[in-house]
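In what follows, a structure is listed as structure tokens, so that the remarks can point back to it.
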Amino acid sequence: MSERHATRYASVDSLRGLTVAAMLLVNDPGDWSQVYAPLEHAAWNGCTPTDVIFPLFLFIVGVSITLGLGAGTTNRAVLLRALRIVALGLLLHLAAHLAMGTPAFRPMGVLQRIGVCYAGAALLALHTSPRTQWLVFAAILVAYAMLLFGAPMTKEANLASRLDMLLLGRHAYEFDAASGRAHDPEGVLSTLPALATTLLGVRCGAWLQRGALRKLLLAGLAGLAFGALAATVQPLNKQLWTPSYVLWTGGLSIGALLLAHHLIDQRGWPAIGRSFGINAIAAYALAWLVVCALEGMHWGAPLYQGGFGWIAPLLGPKAASLAYAIVFVALFWVGSALLARRGVRIKI
């Protein structure tokens, strides 16, 4: 293994922080029945602005893997961190199950997927060449596309949902007891192309580190072009994490990275959201626990109605719901800024 030196870019921290803030914004409306369309996921096929958030975060995980690899990075360190992230995700889902009385404990989730993808991409970054990583990226997309072609692309019949039904059953995000059908947007099989998204971030992080911005630009344009072309064969679909979705959101993610690097690292603009980015997973976890506490104690609805109900008659119920989400994010933003000012970094 060649010697590596860890590098830190304010733009990457900022982009990570803005992505987590966007996660909290779309995850915590005041009223789930009153949400503006761009702040909702596509019901099945399609790609809304909200559908770009999670792949962007995984892409940044990949970029951070490359920038964070030092000469002393070991397999043990990678696997231990991945296990901590997965364990935290399981604990958060246990908290939700106990506080909100969900029908069954859900083992799959956002942090669990992040942990698995981090482990796979980091180990590949440590032990394989760039050429091998690109080959793995391409092989994942081709193999997964072929698997998806083996069954109808409907929510009930696709291969990923069938595997979720077999492996997860009632512990999936969605489960129909009458038919036995299950589906999980962070399911087992669809984690494979999510790894491809993270690997794309690994390679783009290397280009960023070397200053190969033209390659980044061309890769971003290629991702958008090939993603749009692939979508004519297999649609953009976040819940299945289709190859077209990997390429399309990958192109958008590369564009976001280039823009942030240009404005922050090169032109000296303020790294807005950097405090969020430094403690990204901790902020996400704490926000989750706050929601569990509010819902578990039945304080959520009264708090929303008492603090934001007056907005609905003036601007509409969706504006009131969004205002609640904005205040929720702002509180965590201020808390993260205070931690950053004190030099506190909570590393999971």
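Figures for the structure shown
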| item | result |
| --- | --- |
| Verdict on Ala104 being closer than 30 Å to Met297 by Cα and in contact (Cβ under 8 Å) with a residue 12 or more places away in the chain | yes |
| Pair list, Cβ under 9 Å, 6 or more apart: region 241-258 residue in a helix (DSSP H, G or I), other residue modelled with pLDDT of 95 or more and of a type in the set (D, E, K, R) | Tyr245/Asp51; Tyr245/Lys238; Thr249/Asp51; Thr249/Lys238 |
| Matching residues, region 11-31, being small (Gly, Ala, Ser) and more than 14 Å from Val291 (Cβ to Cβ) | Ser11, Ser14, Gly17, Ala21, Ala22 |
| Sole exception among (1) in contact with an Asp or Glu (Cβ under 9 Å, 6 or more places away or on another chain); (2) of a type outside the set (Asp, Glu); (3) without any contact (Cβ under 8 Å) to a residue 24 or more places away in the chain for Ala99, by number | (3) |
| Close pairs from region 75-92: first closer than 17 Å to Glu186 by Cβ and at pLDDT 95 or above, partner exposed (fewer than 14 other Cβ atoms within 10 Å of the Cβ) and not basic (Lys, Arg), Cβ under 9 Å, at least 6 apart | Leu90/Phe105 |
| Total residues in region 73-84, condition exposed (fewer than 15 other Cβ atoms within 10 Å of the Cβ) and in a helix (DSSP H, G or I) | 5 |
| Gly169 being farther than 26 Å from Ala230 by Cα, at pLDDT below 95 and surrounded by fewer than 19 Cβ atoms within 10 Å (Cβ to Cβ) | yes |
| Condition met for Leu315 (modelled with pLDDT of 95 or more, of a type in the set (A, V, I, L, M, F, W, C), in contact with a Cys (Cβ under 8 Å, 6 or more places away or on another chain) and more than 30 Å from Ala182 (Cβ to Cβ)) | no |
| Answer from Gly109, Gly70, Gly46 - the residue that is touching a residue at least 40 places away in the same chain (Cβ under 8 Å), surrounded by fewer than 17 Cβ atoms within 10 Å (Cβ to Cβ) and either on the phi > 0 side of the Ramachandran plot or within 15 Å of the chain's Cα centre (by Cα) (or both) | Gly46 |
| Verdict on Ala206 being of a type in the set (A, V, I, L, M), more than 20 Å from Arg113 (Cα to Cα), surrounded by fewer than 24 Cβ atoms within 10 Å (Cβ to Cβ) and touching a Ser or Thr at 6+ places or on another chain (Cβ under 7 Å) | yes |
| Single residue of region 275-299 satisfying the filter (touching a Ser or Thr at 6+ places or on another chain (Cβ under 9 Å) and in a helix (DSSP H, G or I)) that is surrounded by the most Cβ atoms within 10 Å (Cβ to Cβ) | Phe276 |
| Count of residues meeting criterion [over 22 Å from Pro55 (Cβ atoms) and not β-branched (Val, Ile, Thr)] in region 272-303 | 15 |
| Residue list for region 324-334, restricted to those being more than 21 Å from the chain's Cα centre (by Cα) and touching a residue at least 40 places away in the same chain (Cβ under 8 Å) | Tyr324 |
| Test for Lys347: is it of a type in the set (Lys, Arg) and either more than 25 Å from Ala95 (Cβ to Cβ) or part of a helix (DSSP H, G or I) (or both) | no |
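Every residue, every condition in (1) out of contact with any helix residue (DSSP H, G or I) (no Cβ under 6 Å at 6 or more places or on another chain); (2) at pLDDT 95 or above; (3) surrounded by fewer than 20 Cβ atoms within 10 Å (Cβ to Cβ), yes or no:
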| site | (1), (2), (3) |
| --- | --- |
| Leu221 | yes, yes, yes |
| Ala225 | yes, yes, yes |
| Gln239 | yes, yes, no |
| Thr242 | yes, yes, no |
| Ser253 | no, yes, no |
| Leu259 | yes, yes, yes |
| Gly273 | no, no, no |
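The values are calculated or read from the model by the stated rules, or taken from the named source; none is laboratory data. Quick caveat, the model's predicted, so the values are computed rather than measured. Every residue, glycine among them, receives a Cβ derived from its backbone with ideal geometry; neighbour counts consider all protein chains shown.
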